[in-house]
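*Asks:* Next up is a structure, given as structure tokens.
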Amino acid sequence: YLIDVSVDGLNFVNGSVELVSARTGGAGIFVYQNANLALSNSTVSNNTLRVPVTVTTDTCGGGGMAALCYGSVALDSSKVVDNTVIQVGERDINITLQGGGIFVGKHSVLTVLDSTISRNTLTSTNYQGDHTQWGFGRGYGAGICSKGDLTEISYSEVSDNSIRGCAIEQYGAGIYNYVSINNPWNVSYGMRVDNTIIARNTLGDHNVENNGWCRGGGIYNTGRTLLINNLIANNSFDAGDEVVGM
């Protein structure tokens, strides 16, 4: 069965969630298992997903919102801003931080129209406390991390998102997209971005020795992507003294 939910003109703010199991997340909004959310004229802001070392994290994320297990999110004229995914507790190389703004899991779908994804962050308490102490984990997609079947972004802005505090890998400060070539939507791409600004997204920190692999200040993509009439500018990464991957 399917559950269709439409929300118009609401603010989802100041949520705080600590992960206790895999396949959870979304400190502001969590869409799960055959649920479809249409969110319009709304704001998802200042929400925090706290990730301890005790949870397997490659299937969860989303400081602002998350869609997992055949869930879908459609944003229209909305803002996902100032949300955070933060590693807490001891440093651990197995920690994966994903989707500071939005996380889309396997078999799920994201559609963004006329919306803003901005100032979302992946970081760690170690880094926040002392900028020479990184969390040793991985960070994928400070603005958007999509591992779903299909992501489409139109007439929107993905800007000023950052990854700060993931020492093993840092990929896609603006957008991280990982999608199977064989998707079920009868299209030739896993992600489509058109008429969208992707700007001033950053990862890495020159003042930190151990920055790990830095790839894709604006976009990091592993699937087929269709880009049409976009402005992709002033995105950056700084790996300090470590190995850099373009």
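The values are calculated or read from the model by the stated rules, or taken from the named source; none is laboratory data. Here the structure is a predicted model, which means the values were calculated and not measured. Cβ placement follows ideal geometry from the backbone for every residue including glycine, while neighbour counts extend to all protein chains displayed. Ligands, DNA and RNA are stripped out before the accessible areas are found, and what is left, the full protein with its side chains, is counted by its heavy atoms. Shrake-Rupley method; radii C 1.70, N 1.55, O 1.52, S 1.80 Å.
*Asks:* Can you pull the percent of the chain's accessible area that's carbon plus sulfur, 1.4 Å probe, other chains left in place?
*Replies:* Details: 4950 of 10430 Å².
That share works out to 47 percent.
*Asks:* From the residues G99, L39, G218, which one has its Cα farthest along the dipole of the chain in the positive direction, the dipole being from +1 and -1 charges on Cβ of Lys/Arg and Asp/Glu about the Cα centre?
*Replies:* L39
*Asks:* At 1.4 Å probe size, put Y32, Y140, Y220 in order of accessible surface, largest to smallest. It would help to have the intermediate numbers written out before the result.
*Replies:* Values: Y32 85, Y140 25, Y220 45 Å².
From most accessible down to least: Y32, Y220, Y140.
*Asks:* What list of ³J(HN,Hα) couplings, whole Hz, do you get for region 91-108 from phi and the Karplus terms 6.51, -1.76, 1.60, once you set θ to phi - 60° and write x for glycine and proline?
*Replies:* Values, residue by residue: 6, 8, 5, 8, 6, 10, 9, 9, x, x, x, 9, 10, 10, x, 4, 6, 10 Hz.
*Asks:* Sticking with this structure for a sec: To the nearest 500 deg cm²/dmol, what mean residue ellipticity at 222 nm is calculated for the chain from DSSP H runs of n ≥ 4 alone, each contributing -39,500 (n - 2.57), summed and divided by the residues?
*Replies:* Details: 1 runs with 5 residues, N = 246.
So the calculated ellipticity at 222 nm is -500 deg cm²/dmol.
*Asks:* For region 28-43, take each phi angle, set θ = phi - 60°, evaluate the Karplus expression 6.51 cos²θ - 1.76 cosθ + 1.60, and give the result in whole Hz per residue in order, putting x for glycine and proline.
*Replies:* Calculated HN-Hα couplings, in order: x, 9, 10, 10, 9, 6, 6, 9, 10, 10, 10, 10, 10, 6, 10, 10 Hz.
*Asks:* Please list, ordered by chain and number, the residues whose modelled amide H lies under 5 Å from the amide H of D238; skip anything fewer than 5 residues away on the same chain.
*Replies:* Counting only residues 5 or more places away or on other chains, the set is L203, G204, D205.
*Asks:* Further question: Grab the alpha carbons of region 50-201, take their convex hull, and tell me the volume per residue in Å³.
*Replies:* Working: hull volume 14.1 nm³, N = 152.
So the per-residue Cα hull volume is 93 Å³.
*Asks:* From the phi of every residue in region 18-24, what ³J(HN,Hα) in whole Hz does the Karplus formula 6.51 cos²θ - 1.76 cosθ + 1.60 yield, where θ is phi - 60° and glycine or proline is x?
*Replies:* So the Karplus estimates, Gly and Pro as x, are 10, 5, 10, 7, 5, 6, 9 Hz.
*Asks:* Enumerate the amide H contacts of E152 below 5 Å, restricted to partners 5 or more residues apart or on another chain; note that Pro and chain-start residues carry no placed amide H.
*Replies:* Those qualifying (amide H under 5 Å, at least 5 residues apart or on another chain) are L110, T111, V112, R192.
*Asks:* From the Cα gyration tensor of region 1-77, with a ≥ b ≥ c the square roots of its eigenvalues, which class applies: rounded if a/c is under 1.5, or else prolate if a/b is larger than b/c, or else oblate? Present the calculation step by step, with values, prior to reporting the outcome.
*Replies:* Values: a/c = 2.98, a/b = 1.34, b/c = 2.22.
In terms of gyration-tensor shape, oblate.
*Asks:* Next question, about the same structure. Stretch L226-I3 to full length: gain in nm at 0.36 nm per residue minus the Cα-Cα span? Mind dumping the intermediate values first?
*Replies:* Working: separation 223, 0.36 × 223 = 80.28 nm, distance 2.96 nm.
Answer, rounded to one decimal: 77.3 nm.
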